[in-house]
Amino acid sequence: MFPPAHPGVAYLLYSGSRRIVDEEAPTTLATLALVGGAVLPDLIDQPLYHLAGFPTTRTIGHTLLLALPVCLAVARLVRRSSLPQPVGTAFAFGYGAHLAGDALWPLVLGLRDELGFLLWPVTPMPEYEGTKPLVDIGGATVTTLWVELVLLALAVALWWNDGRPGSPV
């Protein structure tokens, strides 16, 4: 998934779930934690790929073997602090949304081999091809990137409608 789409998709899902469960928009702290969780896998793995020569951009930060302990540690820190409980939940939601977003296209397109990153290094590291074609319409190929950009635009509109939680303005 296109990296900027991750916090957008996470926000769409989280804001929607908050409206269903609590009938309110996300708070500022929860939104910041959500975005932090949603970008953390790439903040870990992109430098490893570009600076340390790792073979792909989905390694340590994208495996459930790191995601689960990190989310549990954040939840424990939140419980021990004066932060409201939804902050830990929002972080875990963001992290999980990132991994689910990266697994989405391989699942939809039947590319199950690309899901090896979820349990790496227990499972082999798959080849990752990035943007994938979805359908040809009138000579133009609609790709996964097009869908992700639409989702990002919807997320920005929803975030704006929610009062821009997490924004200093």
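Here are a few things to note about the model shown:
- If you go through the stretch 77-97 and keep only what is out of contact with any helix residue (DSSP H, G or I) (no Cβ under 8 Å at 6 or more places or on another chain) and in a helix (DSSP H, G or I), you end up with just R80.
- Given (1) touching a Pro at 6+ places or on another chain (Cβ under 6 Å); (2) surrounded by 12 or more Cβ atoms within 10 Å (Cβ to Cβ), index of the condition V74 fails: (1)
- The stretch 98-130, subset outside any helix (DSSP H, G or I) and at pLDDT 90 or above, residue surrounded by the fewest Cβ atoms within 10 Å (Cβ to Cβ): G110
- Enumeration of residues in the stretch 21-59 that are hydrophobic (A, V, I, L, M, F, W, C) and free of Cβ contacts under 8 Å to residues at least 24 places away in the same chain: V21, L43, I44, L48, L51, A52, F54
- Of all residue pairs spaced 6 or more apart or on separate chains, those with beta-carbon atoms under 7 Å, a first member in the stretch 142-169 that is under 12 Å from T31 (Cα atoms) and a second member that is hydroxyl-bearing (S, T, Y) and not in a helix (DSSP H, G or I) are P165/T27.
The values are calculated or read from the model by the stated rules, or taken from the named source; none is laboratory data. Quick caveat: nothing in here was measured; it's all calculated off a predicted structure. Cβ sites come from the backbone with ideal geometry, for glycine too, and all protein chains shown count toward neighbours.
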